[in-house]
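Working notes for the structure below.
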Amino acid sequence: MQNKDGFRWDIFYGKICNKLTFSTNMSQRAIEFYSRGNIKLAIASKEDIFLFKGITEREADLNDMRLLVESGIDWQVVKEECRYQSDISGKLWEDALVQNLIDLRTKYKIKSPIEKELTKLCEEKMAEDRILKSIASGHSTFKEISEDTTLEYYYVREQIKRMTKKRLLIIDMRYRPYTVSLV
């Protein structure tokens with residue numbers, strides 16, 4: 001909705017911009033500003049609004065993100081909600097957010113304390129996806145997976161070790177070369 005002065009309200013139910021789910025944590029962070037009878041209206045927290053804007057590609061949202069940062073946000077809340085949204089949707093929302101954090105740093109000189117961590121997480125998730133697809137297509141040794149994914153051999157070993165701890169993979173170490181399989 002938009003009034004004649006150009007002030008705009010975005011009203012969503014359940015899904016925000018057909019992307020994020022309005023989570024229980026978002027609901028708990030929302031600030032109630034109107035209540036009458038059975039009607040209660042609340043506004044999403046600054047952190048959640050920052051995340052909504054952080055996964056879009058609209059130029060105006062970058063300026064809104066700057067304003068939210070300048071008003072003070074809890075970066076850890078943004079990071080954790082972004083990770084949660086990725087987990088429940090299967091989409092890599094961290095990547096979209098990182099791109100906007102880079103733009104925020106480049107255009108407005110605002111450094112985010114979560115950019116580096118989210119970048120590493122994105123890299124790991126993308127590598128994980130490539131490794132899982134490689135194994136599913138029949139590659140089973142570290143060398144085969146490295147060649148198939150074009151990821152460095154030592155990086156593949158590191159990621160497979162991490163994925164084994166997450167119980168996504170099993171390493172058979174009875175014979176050399178070791179083989180990897182899906183759980």
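FYI, it's all coordinate maths here, none of it is from the lab. Just so you know, these numbers come straight off a predicted model, no measurement behind them. FYI the Cβ positions are ideal-geometry reconstructions off the backbone, even for glycines, and counts take in every protein chain you see.
Results, tabulated for the structure shown:
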read-out: Mean ellipticity per residue at 222 nm, deg cm²/dmol - from DSSP H runs of n ≥ 4 across the chain, formula -39500 (n - 2.57); value: -17500 deg cm²/dmol
read-out: Size of charge dipole - the range 123-183 - debye, nearest 20, with Cβ of Lys, Arg +1 and Asp, Glu -1, no other charges; value: 340
read-out: Residues Cys17, Cys122 arranged by fewest to most Cβ contacts within 10 Å; value: Cys17, Cys122
read-out: Total charge dipole magnitude, the chain, about the Cα centre, Cβ charges on Lys, Arg, Asp, Glu only, Debye to nearest 20; value: 320
read-out: Compactness of the chain, expressed as Rg and Dmax over alpha-carbon positions, Å; value: 20.9, 73
read-out: Packing-based exposure ordering (other Cβ within 10 Å, fewest first) of Glu115, Glu80, Glu70; value: Glu70, Glu80, Glu115
read-out: Relative contact order (%) - the range 123-183, alpha-carbon pairs under 8 angstrom, separation at least six; value: 33
read-out: 3J(HN,Hα) from dihedral phi, the range 18-30, Karplus parametrisation 6.51/-1.76/1.60, rounded to Hz, x for glycine, proline; value: 6, 10, 8, 8, 6, 7, 4, 4, 4, 4, 5, 7, 4
read-out: Length-normalised contact order for the chain - Cα pairs under 8 Å, 6+ apart - percent; value: 11
read-out: Residues whose placed amide H lies under 5 Å from that of Thr141, excluding near-sequence neighbours; value: Val180
read-out: Relative contact order for the range 1-52, counting Cα pairs under 8 Å that sit 6 or more residues apart, in percent; value: 22
read-out: Rough spin-label spacing in nm, given labels placed 7 Å along Cα→Cβ, for Thr21 and Ala60; value: 3.0
read-out: When each of Lys79/Lys111; Lys91/Lys120; Lys15/Lys133; Lys53/Lys125; Lys15/Lys111; Lys91/Lys165 is checked by Cα-Cα distance, pairs over 26 Å; value: Lys15/Lys133; Lys15/Lys111
read-out: Geometric extent, Cα atoms of the range 123-183 - Rg, Dmax (angstrom); value: 10.1, 30
